[in-house]
Amino acid sequence: MIETRVRPRISRALQAAGRVLAATGLKPTHLTVLGLLVTVGGAYLIGRNVLVAGGSLVAVGSFIDALDGPLARELGIAGPRGALLDSVTDRISETAMFAGVAYLVADEPLLVALAVAGLGAALVTSYLRAKAEGVGADGRAGLMGRAERVILYCLGVIAGFVGPMLWAMVILTWLTVVQRFAATWRQLEP
């Protein structure tokens, strides 16, 4: 929902950020890697039960990662290699996020299982988008894109509501899998 409804409304601000960042000499790859490292650091802190700092770092890392595309477009170097790197680092970031939470709740098997199920749903959601786009369909349908997952995750962790966050994540993200599959299915010829 953020990808289709919010991002178009904030595109000017993102473009402006891209212009500012272009003047610094940073490259999009720098932002992609920095966003990944900050997010992984936040996930580590979450695993160590430093929830506010860890959740805040995950949010900051994800925000940094959101700026690589506008910077690449500003520099005129947006391309498939950058998109590939961004997509892979996004999956690594989400894996780290769920691993951090799983480590945090390691003594509660149900919550560990929810963390695994949440990660699985996140990966399938991303796979469905890539597969849909690979066959010429729009694969952005559903409630819980990456931005929504990161927001829910960070809010749940920072507020200390890890269990409820995991339940909501699993339910809403698997619902998104169904929505995304159905929407893509309808777009394809039999």
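The mean sequence separation of alpha-carbon pairs under 8 Å and at least six residues apart, normalised by the residue count of region 98-190, gives a relative contact order of 35 percent. Computed over the chain, the quotient of the alpha carbon radius of gyration and 2.2 N^0.38 Å is 1.04.
Place a +1 charge on the Cβ of each Lys and Arg in region 31-190 and a -1 charge on the Cβ of each Asp and Glu, then give the dipole magnitude about the Cα centre in debye, rounded to the nearest 20.
It works out to roughly 160 debye.
With contacts taken as Cα pairs under 8 Å and at least 6 residues apart, the chain reaches a relative contact order of 25 percent. Over all pairs of different C-alpha atoms in region 55-155, the reciprocal of the mean inverse distance, the Kirkwood hydrodynamic radius, equals 14.9 Å. Membrane-span-like helices in the chain (whole DSSP H runs, Cα extent of at least 15 Å along the helix axis, mean Kyte-Doolittle hydropathy of at least -1.0): 7-22, 28-47, 51-66, 80-104, 109-134, 146-159, 162-187. When peptides 134-144, 115-125 are ranked by their average number of other Cβ atoms within 10 Å per residue, the highest-first order is 115-125, 134-144. Only DSSP H runs of four or more residues enter the estimate; each adds -39500 (n - 2.57), and after division by the residues of the chain the mean residue ellipticity at 222 nm equals -27000 deg cm²/dmol.
Rule-based calculations on the coordinates, nothing more; no lab input. This structure is a prediction, so every number in the text was calculated from the model and none was measured. Cβ coordinates were reconstructed from backbone atoms using ideal geometry, including for glycine residues, and neighbour counts include every protein chain displayed.
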